[in-house]
Amino acid sequence: MEPSSPRKPHLSSLPLDSENKATEFHPFSNSPPHMLAFHLAWLSLFSCFFSTFSIPPLIPIMRQNLNLSAADVGAAGTAAFVGSIFSRLAMGPVCDLVGPRIASAALSLITAPIVLATAFISSPTSFILVRFLIGFCLANFVANQFWMSSLFSPSVVGLANGFAAGWANMGSGVAQLTMPLLYSFVKSFNVPENTAWRVIFVVPAAFQAITAIMVLIYGQELPLKDSIKVSNKPKESFLRLLFNGLMNYRGWILGLIYGCCFGVEMTMDNIVAQYFYYRFGVNLQVAGTIAACFGLTNWFARPMGGVVSDQMAKLFGVRGRLWGLWAVLTVAGLLCVLMGRANSVSGSIGVMCLFSVFVQAASGLTFGIVPFVSKRSLGVISGMTGSGGTVGAVVTQMLLFSGDKFSTQTSISVMGFMMIICTLPISLIYSPQWGGMFCTPNETSIDEEDYSLLV
């Protein structure tokens, strides 16, 4: 991949490996180019999550004003995830070709006006359409993880990916918390209810546009380009990169697994405020605050998954990363089952918080494995895995949370059982260099150049 601009690179204050990837990760530093890019990447994706999940906490109000049925709300929730499936899959090859900085900023700037268009919704159809189009901005997740994988060495890439995505995912929790408060603030000036919720959507739209501009101005992809070892092999075409990625069965398994952790997380972000509002009768602000607790645990939970992945790798190699992912995701599934069976507000909140920690850590563990699947088609594999997350959200939303076939609490428990079953394919992931859960690596070594061509 070539950098998307010829700007003079910054010298790094971090120790670098032979590819000029940082071998240390300091999340509270903003030194260019590595750590500055880290902060730009997570903040930009944070704004996209904030935009996407700014609508769910206001649905009880919007539902009255727009005469939305339960089927409309369910269809809109599904549409929000469908919108990001194909955009995430396409984002991977785009990052391979133009770089994550340009890809990320362009998508944010394109979708920001759509976020603002939420203020002009007037019917169930337009409500569903807007949620569908806003969902496209979540493809920035692929650029986020691609960017981190290109800047940080294998020894800390799980940590970097975990922090970048975890802090970004907090955008969903912050939206759940702040949008009801903004609504109440605007309404306190005697603004009509039907106008108050519309006005506040200028906040996520402006936030998303501003962060995109910051990425364009201050971001940098591959530092010190001139000293990076150049491969003797010719640069491959877009279609070749896409084909190689799609033919890698490991990418499909990781997509399934990600659908069972991040997909479930997005589904919960979509329904948890309504769940507490309707089942336990709490008011809108309290429901939003409870829902925010689920998303805000990303501040430490997903990075913790990256830490666990890297530590397991130090002890057992990539096999340790696989075993760690299986164990954490299995526990998350069990907690999801238990949450659906909790019958008190306090019990549900307690189990929900534990569940959020494990399911978000599983997402971090998943992307601790992605960089080891294929360097040649890293963007495609990242896109496949990221798309799997949204496919998982669509499937769970459609099967379990659309219509009134099942109660919400029953659907949550069933979702937990689905997670546990879907952990089994992790055992099928194997490569000669790294081995698998039950298989040791091949004794015949593979040099770095051959590894970069693994499919």
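The values are calculated or read from the model by the stated rules, or taken from the named source; none is laboratory data. Worth saying up front: this structure is predicted, and the values here are computed from it rather than measured. No Cβ is skipped: glycine too gets one built from the backbone with ideal geometry, and neighbour counts run over all protein chains shown. Note: areas computed on protein heavy atoms with side chains; ligands, DNA, RNA excluded. Shrake-Rupley method; radii C 1.70, N 1.55, O 1.52, S 1.80 Å.
When you have a sec, figure out the Kirkwood radius of the stretch 31-80 from all distinct Cα pair distances and drop it here in Å to one decimal?
Details: mean 1/r = 0.0767 Å⁻¹.
Radius from the Kirkwood sum: 13.0 Å.
Identify unpaired cysteines across the chain, taking unpaired to mean no other cysteine Cβ lies under 4.7 Å from the residue's Cβ.
Cys95, Cys261, Cys293, Cys336, Cys353, Cys439
How would you classify the stretch 379-424 from its alpha-carbon gyration tensor, with a ≥ b ≥ c the square roots of the eigenvalues: rounded for a/c under 1.5, else prolate if a/b is greater than b/c, otherwise oblate?
Working: a/c = 4.51, a/b = 1.84, b/c = 2.45.
Cα axes put the stretch 379-424 in the oblate bin.
Can you give the percent of C-alpha pairs in the stretch 142-210 whose distance is more than 14 Å? Walk me through the intermediate numbers first.
On the way: 1597 of 2346 pairs.
So the pairs more than 14 Å apart make up 68 percent of the total in the stretch 142-210.
Tell me whether the stretch 1-126 comes out rounded, prolate or oblate; compute the Cα gyration tensor, take square roots of the eigenvalues as a ≥ b ≥ c, and use a/c under 1.5 as the rounded threshold. Present the calculation step by step, with values, prior to reporting the outcome.
Details: a/c = 3.11, a/b = 2.43, b/c = 1.28.
Prolate.
When averaged across all projection directions, what area in nm² does the alpha-carbon convex hull of the chain cover?
Mean projected area of the Cα convex hull: 20.3 nm².
Got a number for carbon plus sulfur as a percent of the chain's accessible area, 1.4 Å probe? Don't jump to the answer; show the numbers that get you there.
Details: 12010 of 17300 Å².
Carbon-and-sulfur percentage of accessible area, whole number: 69.
When the Kirkwood radius is taken over all Cα pairs of the stretch 263-313, what Stokes-Einstein diffusion coefficient follows at 20 °C and 1.002 mPa s, in µm²/s?
Working: Rh = 12.2 Å.
Translational diffusion coefficient: 175 µm²/s.
Only Cα pairs under 8 Å and at least 6 apart count here; give the relative contact order of the chain as a rounded whole percent.
Working: 895 pairs, mean separation 109.3, N = 455.
So the answer I get is 24 percent.
What does the C-alpha gyration tensor say about the overall shape of the stretch 272-414? Classify as rounded when a/c is under 1.5, otherwise prolate if a/b is larger than b/c, or oblate.
Since a/c reaches 1.5 and a/b is larger than b/c, the shape of the stretch 272-414 is classed as prolate.
If you line up the long axis of helix 318-341 against the longest principal axis of the chain, both from Cα atoms, how many degrees apart are they, to the nearest 10?
For helix 318-341, the angle is close to 10 degrees.
Order the peptides 133-144, 197-208 from the highest to the lowest mean number of other Cβ atoms within 10 Å of their residues. Intermediate results must be reported in sequence, preceding the final value.
Numbers: 133-144: 29.2, 197-208: 20.8.
In decreasing order of mean packing, 133-144, 197-208 become 133-144, 197-208.
Keeping all protein chains in place, calculate the accessible area per residue for the chain (probe 1.4 angstrom), answer in Å². List each step's numbers first, then the result.
Numbers: 17300 Å² over 455 residues.
It amounts to 38 Å² per residue over the chain.
What is the Cα coordinate range of the stretch 341-437 on the first, second and third principal axes, sorted by size from largest, in whole angstrom?
Sorted largest first, the three principal extents are 49, 27, 20 Å.
Treating only the Cβ of Lys, Arg, Asp and Glu as charged (+1, +1, -1, -1), what charge dipole size does the chain show about its Cα centre? Round to the nearest 20 debye. Kindly include the intermediate steps, with their values, before the conclusion.
Numbers: 24 positive and 19 negative charges, 94 e Å.
Using Cβ point charges on Lys, Arg, Asp and Glu, the chain gives about 460 debye.
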